[in-house]
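In what follows, a structure is listed as structure tokens, so that the remarks can point back to it.
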Amino acid sequence: PAITPDDYKVINRFMRDKWKEEATQVKGWYGRNYLYSFVHLLKNSGMRPIEMLRIRRKDITLTNPMRWSESQQEWFDDYKLKIHIRKSKTGKKRDVLCRSNAGQRMKEWLEFQSSYMRKNYPRLVITNEHLIFGKPDELLEKTYNHSYLDQLWRQQIFLPLKGENLLEMNSFSERDYTLYSLRSTFIEDCITDGLDIYLVARLCGN
């Protein structure tokens, strides 16, 4: 099921603040930044988790057209993210134009990852061929598998929040939220905002 807007606010706030900041060890700090960024980008791209795990630095285009604020009379950064998917379930390549502040999150994640790798693996030279969601101890050439990340999501994010009755859950489904729910959430967000269904299908590769 798709994650309701109110539930996603709870999840995002928890991951961004309390959960991510609780990591005191360097290794834990990388992992929690990893999952937080992974979740945020899935929600704002509609990509399948396995597709997100496969993308490399060469597959993204990050631009900053800037945004003018009438109230403050000033220009602000407004990062936009496009992801090129080379391999998908349908076998077709496609470009995904990400929503919301996905560009800013991707920029921050890549900067964090680069800094982490320079500190802990100083001999590694990161190139455009490296995986965006790569494992440090595999020098960004391999990644975690989807089932492992979904297990982390369930045990560290979903179940604790559900256990504290902080999630209202989707009233149209009896199933729990999974990482794949973020794809459904993107689709519902697009349709609610009035995007043409054909365009949404093209964006999601469905």
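Say we look at the stretch 60-94 and pick out the residues that are of a type in the set (D, E, K, R) and within 15 Å of the chain's Cα centre (by Cα); which of these is farthest from Leu131 (Cα to Cα)? Working first, answer last.
The initial filter retains those residues of the stretch 60-94 that are of a type in the set (D, E, K, R), namely 67, 70, 74, 77-78, 80, 82, 86-87, 89, 92-94.
Remaining after also requiring within 15 Å of the chain's Cα centre (by Cα): 80, 82.
On the way: Lys80: 20, Lys82: 16 Å.
Only one residue fits best here, namely Lys80.
Note on the stretch 148-170: residues that are touching a residue at least 12 places away in the same chain (Cβ under 8 Å) and open to solvent by 100 Å² or more (accessible area, probe 1.4 Å) total 2. Residue check: Lys89 meets all listed conditions (1) among the charged types (D, E, K, R); (2) touching a residue at least 24 places away in the same chain (Cβ under 8 Å); (3) open to solvent by less than 70 Å² (accessible area, probe 1.4 Å); (4) under 23 Å from Ala2 (Cα atoms) but one, namely (3). Between Leu97, Leu140, Leu149, the distinction of being under 23 Å from Tyr36 (Cβ atoms) and in contact with a Gly (Cβ under 8 Å, 6 or more places away or on another chain) belongs to Leu140 only.
For the stretch 130-142, the criterion of being without any contact (Cβ under 8 Å) to a residue 40 or more places away in the chain, open to solvent by less than 50 Å² (accessible area, probe 1.4 Å), touching an Asp or Glu at 6+ places or on another chain (Cβ under 7 Å) and farther than 22 Å from Gly31 by Cα is met by no residue.
The combined condition, being open to solvent by 10 Å² or more (accessible area, probe 1.4 Å), in contact with a strand residue (DSSP E or B) (Cβ under 8 Å, 6 or more places away or on another chain) and of a type in the set (S, T, N, Q), is not fulfilled by Thr4.
So how many residues does the stretch 1-33 have that are part of a loop (DSSP other than H, G, I, E, B) and under 18 Å from Phe133 (Cβ atoms)? Matching residues across the stretch 1-33 total 1. The single condition among (1) open to solvent by 90 Å² or more (accessible area, probe 1.4 Å); (2) assigned to a helix (DSSP H, G or I); (3) over 26 Å from Lys58 (Cβ atoms) that Cys190 does not satisfy is (1).
The set of residues in the stretch 13-56 being polar (S, T, N, Q), under 13 Å from the mean Cα position of the chain (by Cα) and either at pLDDT below 95 or over 22 Å from Leu81 (Cα atoms) (or both) consists of Asn33 alone.
Scanning the stretch 34-46 for residues that are open to solvent by less than 10 Å² (accessible area, probe 1.4 Å) and in a helix (DSSP H, G or I) returns Tyr34, Leu35, Ser37, Phe38, Val39, Leu41, Leu42. Residues that are open to solvent by 60 Å² or more (accessible area, probe 1.4 Å) and either more than 19 Å from Gln151 (Cα to Cα) or of a type in the set (Gly, Ala, Ser) (or both) within the stretch 175-187 are absent altogether. Being part of a helix (DSSP H, G or I) and more than 20 Å from Tyr180 (Cα to Cα) is the filter here; which residues of the stretch 47-78 pass it? Those that are part of a helix (DSSP H, G or I) and more than 20 Å from Tyr180 (Cα to Cα): Arg57, Lys58, Asp59.
For the stretch 92-127, filtered to residues that are of a type outside the set (Asp, Glu) and in a strand (DSSP E or B), the residue that is least open to solvent (accessible area, probe 1.4 Å) is Val96.
The values are calculated or read from the model by the stated rules, or taken from the named source; none is laboratory data. Model, not experiment: these values are computed from the prediction. Glycine gets a Cβ as well: all are built from the backbone with ideal geometry, and neighbour counts include every protein chain shown. Heads up: the accessible areas ignore ligands, DNA and RNA and are worked out on the full protein's heavy atoms, side chains in. Shrake-Rupley method; radii C 1.70, N 1.55, O 1.52, S 1.80 Å.
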